[in-house]
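Read through the structure below, which is laid out as structure tokens, and then see the notes.
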Amino acid sequence: MAEPAVHRVPGRGRFITFEGGEGSGKSTQIKTLAERLNAAKLRTLVTREPGGSPGAEIIRHLVLSGMGKLLGPDAETLLFAAARDDHVRTVIEPALARGTWVLCDRFSDSTRAYQGRLGQVTPAFLDAMQRVTIGDLKPDLTLILDVPVEVGMKRAAIRRGAGAPDRFESEDLKFHQDLREAYRQIAADDPQRCVLIDANADPATVAAAVWASLRERFFKANVGSMANLA
């Protein structure tokens with residue numbers, strides 16, 4: 001199918017984040033979306049959190065190894081904040097300034113869900129960290145991939161194979177159920193920015209829902225291209 005004509009806003013790129021629990025399919029959907037945007041002649045950058053820049057990748061290793069959990073929720077939040085600060089300054093903001101569309105696997109909503117709701121870090125503390133690390137930066141669109149916990153955990157187990165579960169995959173079922181509810185609440189609280197995507201389907205069906213969300217938010221078709229928007 002031909003891609004719809006895109007009327008680009010000169011200058012700054014778009015910032016799209018993907019959120020969701022373990023095994024929700026974020027990596028697969030980001031890759032698919034990047035390919036589709038590239039086909040539409042839009043420059044894209046795929047990145048992730050924690051990580052995405054050399055300094056942040058070092059912190060990612062510490063966090064996923066379980067070091068942050070040993071230090072406690074507040075200290076773990078500081079680790080994520082340090083990683084995000086480096087990531088935003090050295091990767092995300094420069095790319096957006098060049099007009100690149102940035103697709104990020106997790107961002108600040110993950111901190112709200114994991115450290116805020118589940119770790120019970122206070123909103124005031126999270127707000128302070130957000131002001132320091134990202135300031136006014138806010139995703140233009142956040143796609144929250146929603147999948148039943150049992151399905152997501154099974155997918156995560158298949159993905160890692162014989163490898164050991166990481167810091168978050170190793171949490172119990174209630175943790176992941178609460179995480180799912182946290183993300184669903186984030187989507188309900190900010191419908192202008194967030195779209196809840198049913199990810200309990202085959203990848204092509206989920207990708208179609210992701211594309212429909214972008215088309216609705218960003219793309220305008222010429223009259224002759226309306227058939228491509230169905």
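Read the figures in this text as sums done on the coordinates, not as results from a lab. Everything numeric here is computed off the predicted structure, so don't read it as measured data. For neighbour counting, all protein chains shown are included, and Cβ atoms are generated from backbone atoms with ideal geometry for every residue, glycine included.
Here are the numbers for this structure:
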| quantity | calculated |
| --- | --- |
| Sequence of Trp101, Trp211 once ranked by neighbouring C-beta atoms within 10 Å, starting from the fewest | Trp211, Trp101 |
| Ranked His61, His87, His176, criterion: other C-beta atoms within 10 Å, fewest first | His61, His176, His87 |
| Cross-link partners of Lys69 among aspartates and glutamates (Cα-Cα below 15 Å; sequence separation of 8 or more within a chain) | Asp166, Glu169, Glu171, Asp172 |
| Cα-based helix-to-principal-axis angle, 203-218 vs the chain, degrees rounded to 10 | 70 degrees |
| Label-point separation, Lys154 to Glu216 (7 Å along Cα→Cβ), nm | 2.8 nm |
| Cut-off under 5 Å, modelled amide H: who pairs with Ile197 long-range | Ile144, Leu145, Asp146 |
| Cα-Cα pairs of the stretch 1-117 separated by more than 16 Å (percent) | 63 percent |
| Proxy reagent accessibility, fewest Cβ within 10 Å first, across Leu137, Leu70 | Leu70, Leu137 |
| 3J(HN,Hα) from dihedral phi, the stretch 142-159, Karplus parametrisation 6.51/-1.76/1.60, rounded to Hz, x for glycine, proline | 10, 9, 9, 7, 9, 9, x, 4, 4, 5, x, 5, 5, 4, 4, 5, 5, 4 |
| Theoretical ellipticity at 222 nm over the chain - DSSP helices of four or more residues, -39500 (n - 2.57) apiece, nearest 500 | -14500 deg cm²/dmol |
| For the chain, alpha-carbon Rg over 2.2 N^0.38 Å | 1.02 |
| Sequence-distant residues sharing a close amide H with Leu45 (under 5 Å, placed H) | Trp101, Val102, Leu103 |
| Most mobile listed residue (Ala188, Ala201, Ala209) in the chain, GNM with C-alpha springs under 10 Å | Ala201 |
| Projected-area mean, the stretch 63-140, by convex hull of Cα positions, square nanometres | 5.2 nm² |
| Under Karplus coefficients 6.51, -1.76 and 1.60, residue-wise ³J(HN,Hα) of the stretch 80-90 in Hz, glycine/proline x | 4, 5, 5, 5, 5, 4, 5, 4, 5, 5, 9 |
| Other-chain or far-sequence residues with amide H under 5 Å of Gly66's (modelled H) | Arg167 |
| Listed residues Asp86, Asp190, Asp105, most fluctuating in the chain (Gaussian network, C-alpha, under 10 Å) | Asp190 |
| Highest-MSF residue in the chain out of Leu103, Leu141, Leu37 [GNM, Cα springs under 10 Å] | Leu37 |
| Fully extended contour minus Cα-Cα distance, from Glu35 to Asp189, at 0.36 nm per residue | 52.4 nm |
